[in-house]
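Notes to accompany the following structure.
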Amino acid sequence: RYAGPIMRHQGVTILTIKADLFQPAADYARQLSQLRQSIRSVPPAPGFDEVLVPGDLEASARAARQRDGIPIPDYTWQAICEAAQSLGVDV
């Protein structure tokens, strides 16, 4: 189906497989953990500090946001405060 000019040339395929279809979920989780450890043990390329696996950047960002809060540019915060004030909401 045609999805318009933005999605027309995306070329995305998503394949979903039930992880415990061929083996117990615990075995799958253990093997996945071993694979992650194996990938992370590879020496990083020059100019890099570590080897990452999918989800590492997101987990790092989540931890930082939980620890430090969500960074909001000053102009955005000002717009939020102005909108709140116009509605009589204290910020």
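Here the label points at Ala61 and Ser86, each 7 Å from Cα along the C-beta direction, are separated by 2.9 nm in the simple model. The convex hull drawn around the Cα atoms of the chain, when projected onto a plane and averaged over every direction, covers 13.1 nm².
The mean accessible area for residues of the chain, using a 1.4 Å probe and ignoring ligands and nucleic acids, is 94 Å² per residue.
Here the Karplus relation 6.51 cos²θ - 1.76 cosθ + 1.60, evaluated at θ = phi - 60°, turns the backbone of region 53-62 into coupling constants of 10, x, x, 4, 5, 5, 5, 5, 5, 4 Hz, with x for every Gly and Pro.
Our helix-only sum for the chain, with -39,500 (n - 2.57) per DSSP H run of n ≥ 4 divided by its residues, gives a mean residue ellipticity at 222 nm of -15500 deg cm²/dmol. Using only side-chain charges placed at the Cβ, +1 for Lys and Arg and -1 for Asp and Glu, the dipole size of the chain relative to its Cα centre rounds to 500 debye.
Measure off, as a whole percent, the carbon and sulfur share of the 1.4 Å-probe accessible area of the chain, all protein chains present.
Looking at the chain in its full context, I get 58 percent from C and S.
Please name whichever of Gln37, Ala59, Leu21 sits farthest to the positive end of the charge dipole of the chain, dipole taken about the Cα centre and charges placed at Cβ: Lys and Arg +1, Asp and Glu -1. Value: Leu21.
For Ile72, the solvent-accessible surface with a 1.4 Å probe is about 80 Å², rounded to the nearest 10.
The values are calculated or read from the model by the stated rules, or taken from the named source; none is laboratory data. In this text, all values refer to a predicted model and were calculated from it rather than measured experimentally. Please note: Cβ atoms are built from the backbone with ideal geometry, for glycine as well, and neighbour counts cover all protein chains shown. Each accessible area value is taken on the protein alone, full model and side chains, heavy atoms only, with ligands, DNA and RNA left out. Shrake-Rupley method; radii C 1.70, N 1.55, O 1.52, S 1.80 Å.
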